[in-house]
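Worksheet: the structure to be examined is printed underneath.
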Amino acid sequence: MKKLIYILLLALAAGMTGKAQTAAPPAEGKTVSLDKAAFLSKVADYVTTREWKYLGDKPALIDFYADWCGPCKVIAPSLEELAETFKEQIYVYKIDIEAERELAALFNVRSIPFLLFIPMGENPQYVSGAVPKHYLDEIIHKVLLKQ
């Protein structure tokens, strides 16, 4: 019985350690998963205000996806590469629509992948579907970086 309790306590401690690690700041050049709390603090606080106000200090790209989505899996490596390429200039976030249904509903996500581009000081724009990397690169330059 003592052994079972010890194993359960170890498992609980390991689970708590894993949660603490996911709360740590992400490494630059990687896509970052957002839940509702992170979205409210990093992107927009839609709970306290109805007006769009982006909270980030550089433009962002948000990928709304699901683990079961084939096209989402196809573009995921491109998004990782773009996060690395533009790590100094933009944030690349991802939101699992299965886990964060409220966020998906907030942006009226009807099909995935759904990519939300958030320029500084402007309203977001979106693209639906698995678009090629070169097209994403072009949108980043034109919409997010204004080049």
Practice task
Tally the DSSP beta bridges in the range 26-144 and give the antiparallel ones as a percent, rounded to 5.
Solution key: 55 percent
Practice task
Take S111, S78 and order them by how many other Cβ atoms sit within 10 Å, fewest up front.
Solution key: S111, S78
Practice task
Quote to one decimal, in nm, the extra length available between K87 and S33 on full extension: 0.36 nm per residue of separation minus the C-alpha distance between them.
Solution key: 17.9 nm
Completion exercise
One finds, for T48 and S128 with R0 = 25 angstrom and r their Cβ-Cβ distance, a FRET efficiency to the nearest 0.05 of 0.30
Handout entry: Cut-off 10 Å between beta-carbons: net charge of the residues surrounding L144, Lys and Arg +1, Asp and Glu -1
Key = +2
Handout entry: Paramagnetic label zone (point 7 Å from Cα along Cα-to-C-beta, Q147; backbone N under 20 Å) in the range 121-139
Key = 121-122, 125, 132-139
Exercise for the section: Let me know the number of lysine pairs in the range 26-144 closer than 17 Å at the Cα, not counting same-chain pairs under 8 apart. Expected result: 21
Exercise for the section: Give a quick list of GluC sites (Glu not before Pro) in the range 78-147 that DSSP marks as loop, anything other than H, G, I, E or B, with at most 10 other Cβ atoms within 10 Å. Expected result: E88
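Read-outs throughout are calculated quantities, based only on the coordinates presented, and are distinct from any laboratory measurement. Given the structure is predicted, the values throughout are model-derived calculations rather than measurements. Cβ atoms come from the backbone with ideal geometry, glycine included; neighbour counts cover every protein chain shown.
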